[in-house]
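Throughout, read-outs are computed from the coordinates displayed, never taken from laboratory work. Just so we're clear, the structure is a prediction, and the values are computed from it rather than from any experiment. Using ideal geometry, Cβ is built from the backbone for each residue, glycine included, and neighbour counts are taken over all protein chains shown.
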Amino acid sequence: MTHSTHTIPGAGGLTRRQLVSTLMLGGAAWLLAGCEDGSSAGSKSAKFNSLDISGAKYAQDFSLPDMNGQQRSMADFRGKVVAMFFGFVQCPDVCPTTLAEMVQVRELLGADADKLQVLFVTVDPERDTAQILKEYLGNFDPSFLALLPTPEELRTRIAPDFKVYYKKIEGSTPTSYTMDHTAGVLLFDPKGKVRLHSSYGSPAASIAADIQALLAEG
């Protein structure tokens with residue numbers, strides 16, 4: 001894995017490595033920052049650190065292009081645990097922190113790192129072009145993929161299907177708006193079934209342990 005020394009947009013000038021180091025030193029404190037936890041079903045279990053939402057009727061599947069123009073669905077990632085979360089490139093804190101945390105999770109997984117697929121779904125398709133998303137995720141890990149719904153797909157299909165909240169907050173100019181959005185990571189097992197919801201700020205070690213538990217189920 002190569003380590004970029006570029007600063008991350010919206011991360012206060014920090015590099016990816018600095019963000020990861022911050023997480024390793026103390027973990028990320030819970031910070032809603034206009035984002036909401038979109039999962040209310042499920043419970044903690046002795047087996048997992050995250051909220052167990054096995055059997056949930058939402059977050060079943062998707063069909064969206066990635067930032068390389070390839071149409072993707074959950075079937076493309078069979079045999080891997082998928083970590084999916086929603087955000088936007090100009091997000092000031094939640095998104096870069098979560099992406100840095102996913103870098104740390106991959107490092108903790110060691111030989112199993114390639115059995116994790118991180119998916120970043122933009123809630124700002126008006127500004128987040130494929131090229132912008134490719135460059136943005138490249139600052140974290142080249143294996144991470146962005147998914148690009150159209151504004152209509154996001155509003156009518158993806159947000160309802162995945163119980164995602166998002167809202168444009170107007171700025172001083174037409175292009176300076178920000179987005180409130182759901183925080184947290186959905187974890188899907190190697191069969192493509194949604195299983196866990198990891199709240200924003202969960203320690204990377206806890207998420208890595210949950211991923212290893214899902215992989216161990218076969």
note = For the stretch 143-187 the number of residues that are surrounded by 14 or more Cβ atoms within 10 Å (Cβ to Cβ), touching a residue at least 12 places away in the same chain (Cβ under 8 Å) and in a loop (DSSP other than H, G, I, E, B) is 11
message = Ala100 - would you say it is surrounded by fewer than 21 Cβ atoms within 10 Å (Cβ to Cβ), assigned to a helix (DSSP H, G or I) and not β-branched (Val, Ile, Thr)?
response = no
request  = Assess whether Asp128 counts as being touching a residue at least 40 places away in the same chain (Cβ under 8 Å), of a type in the set (Asp, Glu), within 30 Å of Asn49 (Cβ to Cβ) and not in a helix (DSSP H, G or I).
outcome  = no
ask   = When only residues in the stretch 51-83 that are of a type in the set (A, V, I, L, M) and assigned to a loop (DSSP other than H, G, I, E, B) count, which is farthest from Ser202 (Cα to Cα)?
value = Met67
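Within the group Phe140, Phe86, Phe120, which residue is within 21 Å of Gly201 (Cα to Cα), touching a residue at least 12 places away in the same chain (Cβ under 8 Å) and in a loop (DSSP other than H, G, I, E, B)?
On the way: Phe86 fails: in a loop (DSSP other than H, G, I, E, B); Phe120 fails: in a loop (DSSP other than H, G, I, E, B).
None of the others qualify; the one that does is Phe140.
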